[in-house]
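The values are calculated or read from the model by the stated rules, or taken from the named source; none is laboratory data. On a predicted model such as this, the values are computed, not experimentally measured, just so you know. Note that each Cβ is placed from the backbone with ideal geometry, even for glycine, and that neighbours are counted across all protein chains shown. All accessible areas refer to the heavy atoms of the entire protein, side chains included, with ligands and DNA or RNA removed. Shrake-Rupley method; radii C 1.70, N 1.55, O 1.52, S 1.80 Å.
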Amino acid sequence: MTCRWASRWVPAALLVGLLACATRIAASPGHTTPAAPRTPAAASPAAQTSPLAMRGYQPPGRGLALRPPMGWDGYNRFHRNVSAALVDAEARAMVTSGMRAAGYTYVNIDGGWNLLRRAAGGALLPNPRLFPQGIRPVARYVHSLGLKLGIYASAGLRNCAGTSAGSYGHYRQDAATFAAWGVDYVKLDWCWIPYRRFPGRTHEQVSELLARRMGQALAATRRPIVYDVNNTSWRVQHVWEWARPLANLWRTTGDIRDTYTSMVRHFLANVGHYRRAGPGGWNDPDMLEVGNPGMSLSEQRAQFSLWAEMAAPLIAGDDLTTMPAAVRDILTNRAVIAIDQDPLGRQGHAVWHGDGHWVLTKPLSGGGRAVVLFNASGRGADISASAAELGLPAAVGYTLRNLWTGALTWTSGALRAWVPARSVIMYRISADVIR
Ligand code: GAL
């Protein structure tokens, strides 16, 4: 990098005159904290594949989720009390709020929808109190709105709450049932796994085997189904190391809670796995808490920005039927969504961090970068970085679009901004080229 970034900001209108400026500017005043060890340059997603995963395996979601899935799921807000009427209402609100137009597609029924017992022939039974007509009419209605339906299953004998039948021993049957109902997305949770039935195998090997078996069962239906592996043993297992050839997304964390601390913890658990993500397979730090009461609007904007920067699935977890305009504006910020959905499909990574201050960069198709300056700490701070650190090519200057204010600025040297406590500033940056 030859031309450092200026710490001054100028309106884009002045850009033309300033393009000729190739002034070399000394390094910016620098970081407010000592630079942490740099993460190595991002590589293309490495499909680190174990032989077990690959032998004859046809992923059910091949060709799907080429961009991170977007949708809604009732668990964060309603837990296991999601009914057919609620799903219908949320799907309608997804349309009327402008979310569908902004790219949200999946309406996901989470755990708790089915009974603990199965029908005489072994079929799963929707809870008649919540889904009196079953799942098929819900799927039909969701499809009529131009949306897709997701459902929850457990790889083990029960769901994690222990209240519903799991799919263990019924993978083929349940996959066929889901396909017949018109389900487009299956989230496979990880509880009540009978590990003792797999002597000589580690828990992680069993997980991989079961993920593959359900994947095969879903693929056998020949219905295109997005496959979400929700291995809650992530603390002791390394799901991201084997899930990519099997599934379209995999959880890298436990369950998010509606607090700022939990949101940051999930960011921290996910941010390092950036090499694993790519078109067709994504790291999932769990659903959004945007619109739920536990975080301020600026903390909610921080979650939305960080998730987009990490190319995470954007699955809203609030009540879409009652959300205020300020929340809707976060969830439908198209400039931020475009970063998440960028066709290159690279997950952003940290170029440095220290004292709760983060600089993240995400390569974009067309050569630009999405940059998030995240101040996770409780005090406002200056956060800065150089174009070289952000992975931008040498240029006479750089145009920055602030993705929350829309403001355009230009700089020839270092990027530096004041970031309030528990907030982000997010830019799309492009290098200016002299013609
Ligand atoms: C958990 C899972 C959550 C949600 C919940 C439903 O095990 O991690 O995302 O699906 O079960 O009961």
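Below are the figures for this structure:
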read-out: Residue among Pro126, Pro132 that alone is at pLDDT 95 or above and more than 16 Å from the ligand (Cβ to nearest atom); value: Pro132
read-out: Matching entry among Tyr152, Tyr185 (being within 16 Å of the ligand (Cβ to nearest atom), in contact with a Phe, Trp or Tyr (Cβ under 6 Å, 6 or more places away or on another chain) and open to solvent by less than 30 Å² (accessible area, probe 1.4 Å)); value: Tyr185
read-out: Answer residue from segment 188-211, given it is among the charged types (D, E, K, R) and within 21 Å of Asp174 (Cα to Cα) and is farthest from the ligand (Cβ to nearest atom) among those; value: Arg197
read-out: Segment 201-242, subset within 15 Å of Gly156 (Cβ to Cβ) and of a type in the set (Ser, Thr, Tyr), residue modelled with the highest pLDDT; value: Ser207
read-out: Qualifying residue in segment 164-172 (condition: open to solvent by less than 40 Å² (accessible area, probe 1.4 Å), touching a helix residue (DSSP H, G or I) at 6+ places or on another chain (Cβ under 8 Å) and not hydroxyl-bearing (Ser, Thr, Tyr)); value: no
read-out: Among (1) surrounded by fewer than 23 Cβ atoms within 10 Å (Cβ to Cβ); (2) under 21 Å from the mean Cα position of the chain (by Cα) - the single one Val371 does not satisfy; value: (1)
read-out: Counted residues, segment 90-144 - those being assigned to a loop (DSSP other than H, G, I, E, B) and open to solvent by less than 60 Å² (accessible area, probe 1.4 Å); value: 22
read-out: Members of segment 131-157 that are basic (Lys, Arg) and closer than 16 Å to Tyr104 by Cα; value: Lys148
read-out: Any hit, segment 308-318, residues being in contact (Cβ under 8 Å) with a residue 12 or more places away in the chain, touching a helix residue (DSSP H, G or I) at 6+ places or on another chain (Cβ under 8 Å) and assigned to a helix (DSSP H, G or I); value: yes
read-out: Condition broken by Ala387, with the remaining ones in (1) touching a residue at least 60 places away in the same chain (Cβ under 8 Å); (2) crowded, with 22+ Cβ neighbours inside 10 Å; (3) in contact with a helix residue (DSSP H, G or I) (Cβ under 7 Å, 6 or more places away or on another chain) satisfied; value: (3)
read-out: Qualifying position, being in contact (Cβ under 8 Å) with a residue 60 or more places away in the chain and surrounded by fewer than 20 Cβ atoms within 10 Å (Cβ to Cβ), among Arg416, Arg401, Arg422; value: Arg401
read-out: Hits in segment 319-336 - residues which are open to solvent by less than 40 Å² (accessible area, probe 1.4 Å) and part of a loop (DSSP other than H, G, I, E, B); value: Asp319, Leu320, Met323, Thr332, Asn333
read-out: Residue match in segment 291-305 (condition: away from the ligand (no atom under 16 Å from the Cβ), touching a residue at least 40 places away in the same chain (Cβ under 8 Å) and not in a helix (DSSP H, G or I)); value: yes
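Listed here are the residues, each with its yes/no results for (1) in contact with a His (Cβ under 9 Å, 6 or more places away or on another chain); (2) within 15 Å of the ligand (Cβ to nearest atom).
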residue	(1), (2)
Gly215	no, no
Arg222	no, no
Thr232	no, yes
Arg244	no, no
Asn248	no, no
Thr259	no, no
Arg265	no, yes
Gly272	yes, no
Ala277	no, no
